[in-house]
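> Got a structure for you, questions after.
Throughout, read-outs are computed from the coordinates displayed, never taken from laboratory work. Remember, it's a predicted structure, so these values are computed and weren't measured experimentally. Cβ placement follows ideal geometry from the backbone for every residue including glycine, while neighbour counts extend to all protein chains displayed.
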Amino acid sequence: MGMIGGGEGAFIGEVHRMAARLDGKIELVCGAFSSNPKKSIASGKKLFLDTNRIYGTYQEMLEEESRLPEDERMDFVSIVTPNHMHFAPAKLALEKGFHVICDKPVTFTLAEAKALKKIITKKKRLFALTHNYTGYPMVKEAKAMIASKKLGKIRRAIVEYPQGWLSQRLEATGQKQASWRTDPKKSGKAGCMGDIGTHAENLLEYITGLKITEMCADLNVFVKGRKLDDDGAILLKLSNGAKGILFASQIALGEENNIRLRVYGEKGSLDWSQEEPNSMVYRMDNKPKQILRVGVGSQSKVAQSATRLPAGHPEGFIEAFANIYKNFAYAINDYNQKGKVKSEYLDFPSIDDGIRGMQFIDTVIKSSKTKQKWTKF
């Protein structure tokens with residue numbers, strides 16, 4: 001693996017590196033870790049990389065790596081830069097023949113996302129998007145239960161993602177993570193809904209297997225002087241006729257990373273929260289509720305494959321991230337050896353999920369500005 005971004009002081013870059021290392025399938029061999037060449041080189045040295053494979057720019061890295069023999073060059077690149085710097089390195093990496101894994105949202109605009117898909121298709125490369133919440137074993141179990149009709153026809157889905165870290169104008173203090181996420185030149189046209197609302201949208205569609213078809217959105221900017229939304233709520237219509245609610249906020253004081261999904265069907269319901277990821281509540285009519293636990297009882301094959309530890313040993317954020325990297329590593333290995341990939345290894349968010357995310361952002365903004373009740377997605 002090579003990496004673009006994620007240098008000193010970057011939170012998400014180290015998360016990606018830990019996740020990639022976890023299963024022993026991936027080795028970080030090179031990187032361009034910052035737009036500042038000196039910082040990139042310093043970051044690479046702290047990671048004990050070969051100094052010949054620490055690069056000052058991503059262009060230099062992709063060019064030099066593409067010249068190496070196939071058994072020496074990197075197999076894929078991980079892009080962990082801010083939103084506005086996803087498209088250009090992803091495009092160049094694909095054109096140079098490398099597979100790509102990218103942080104979300106996939107690009108700065110919907111047009112870029114669609115252009116990227118054309119390149120992926122033309123170059124026949126693998127592409128993964130790190131909507132990491134799909135990697136939790138209980139999330140995969142929920143998806144399998146709904147697919148097997150244990151809940152019956154889905155009637156209602158409620159997904160929420162409250163955070164409180166931007167309750168004050170933190171970006172005015174120079175805090176790096178707050179600064180770029182609230183800057184439309186770097187984050188894009190949405191703030192909270194682009195940053196965490198897209199996670200909620202992706203989780204709802206992944207677990208239920210349904211698509212959002214229409215929405216009625218209300219976006220807010222509660223912190224004076226902030227340029228992008230920091231809170232919002234959306235009424236949803238889903239593809240099977242079900243109704244949904246999506247709530248995301250970064251000014252929900254006291255909340256940490258409380259992404260939660262409740263799904264109600266004709267036969268039963270499920271309730272899962274990331275702050276207690278090893279458990280899920282399963283309810284059926286006129287029966288006591290069940291607390292399903294990771295590693296306990298008969299679970300789906302896909303949930304079992306995402307579980308590393310015996311029951312009672314907590315698995316969390318890094319492990320969920322690692323499940324995307326693990327599947328991506330197996331997919332690349334299959335592709336390189338056989339020219340095709342087992343479907344079970346393709347259980348990671350794709351460019352199509354990235355396009356859905358960008359369409360979601362565009363539709364949310366459009367819906368929030370119109371007086372019309374429903375806006376088509």
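> Apply the membrane-span-like helix rule to the chain: whole DSSP H runs, Cα extent along the own long axis of at least 27 Å, mean Kyte-Doolittle hydropathy at least -1.0. List the helices found. Working shown, then result.
Details: long enough: 317-338 (32 Å, -0.32); 351-369 (28 Å, -0.13).
Length and hydropathy pass: 317-338, 351-369.
> To the nearest 0.05, how large is the calculated FRET efficiency for THR173 and GLN59 if R₀ is 30 Å and r is the Cβ-Cβ distance?
That gives a FRET efficiency of 0.35.
> Quick one: what does P(r) look like for the range 2-125 with 10 Å bins over all Cα pairs, in whole %?
Pair shares across the bins are 14, 48, 33, 5.
> Right, something else. Tell me what the chain gives for mean residue ellipticity at 222 nm when only DSSP H runs of n ≥ 4 count, each as -39,500 (n - 2.57), the sum divided by the residue total, rounded to 500 deg cm²/dmol.
The helix-only estimate for the chain comes to -10500 deg cm²/dmol at 222 nm.
> Would you mind checking LYS150/LYS289; LYS38/LYS104; LYS96/LYS118; LYS91/LYS118; LYS25/LYS46 for any pair whose Cα atoms are more than 19 angstrom apart? Walk me through the intermediate numbers first.
Values: LYS150/LYS289 14 Å; LYS38/LYS104 26 Å; LYS96/LYS118 15 Å; LYS91/LYS118 10 Å; LYS25/LYS46 22 Å.
Flagged as over cut-off: LYS38/LYS104; LYS25/LYS46.
> Are there trypsin sites (Lys or Arg not before Pro) in the range 214-274 that DSSP puts in a loop and that have at most 14 other Cβ atoms within 10 Å, and which ones?
Answer by residue number: LYS224, LYS227, LYS267.
> Still on this structure: Would you list VAL159, VAL106, VAL341 from fewest to most Cβ contacts within 10 Å? Before the final figure, lay out the partial values.
Values: VAL159 26, VAL106 31, VAL341 17.
Least crowded to most crowded, the residues run VAL341, VAL159, VAL106.
> Roughly what % of Cα-Cα distances in the chain sit above 25 Å, to the whole percent? Display every interim value, and only then the final one.
On the way: 39509 of 70876 pairs.
When all Cα pairs of the chain are counted, 56 percent exceed 25 Å.
> Let me ask something additional. Please identify every one of the chymotrypsin sites (Phe, Trp or Tyr not before Pro) in the range 94-148 that sits in a loop by DSSP and has no more than 13 other beta carbons within 10 Å of its own beta carbon.
Values: sites: PHE98, PHE108, PHE127, TYR133; in loops: PHE98, PHE108.
Within the range 94-148, no chymotrypsin sites (Phe, Trp or Tyr not before Pro) qualify (loop, at most 13 other Cβ atoms within 10 Å).
> Exceeding 22 Å between C-alpha atoms, which entries from my cross-link table qualify? They are LYS114/LYS227; LYS189/LYS366; LYS140/LYS176.
LYS114/LYS227; LYS140/LYS176
> While we're on this one: How much net charge surrounds ARG156 when only the other residues with a Cβ under 9 Å from the Cβ of ARG156 are counted, with Lys and Arg +1 and Asp and Glu -1?
Net of charged neighbours comes to +3.
> Now, a different point. Can you tally the net charge around LYS340? Count Lys and Arg as +1, Asp and Glu as -1, for every other residue whose Cβ sits under 12 Å from the Cβ of LYS340. Don't skip to the end; give the middle numbers.
Values: positive: LYS124, LYS338, LYS342; negative: ASP334.
Result for the neighbourhood of LYS340: +2.
> While we're here: Please compute, over every Cα-Cα pair in the range 218-283, the percentage with a separation greater than 15 angstrom.
Pairs farther apart than 15 Å: 65 percent.
> Turning to a different aspect of this structure: How big is the range 167-297 in terms of Cα radius of gyration and Dmax, in angstroms?
Taking only Cα atoms of the range 167-297, I get Rg and Dmax of 17.3, 54 Å.
> Given charges of +1 on the Cβ of Lys and Arg and -1 on the Cβ of Asp and Glu, with all other atoms neutral, how large is the dipole of the range 156-287 about its Cα centre, in debye to the nearest 20? Mind showing how you got there, number by number?
Numbers: 18 positive and 18 negative charges, 58 e Å.
That gives a dipole near 280 debye.
> What share of the DSSP beta bridges in the chain is antiparallel, in percent to the nearest 5? Intermediate values should be presented prior to the final figure.
Numbers: 36 of 57 bridges.
That works out to approximately 65 percent antiparallel.
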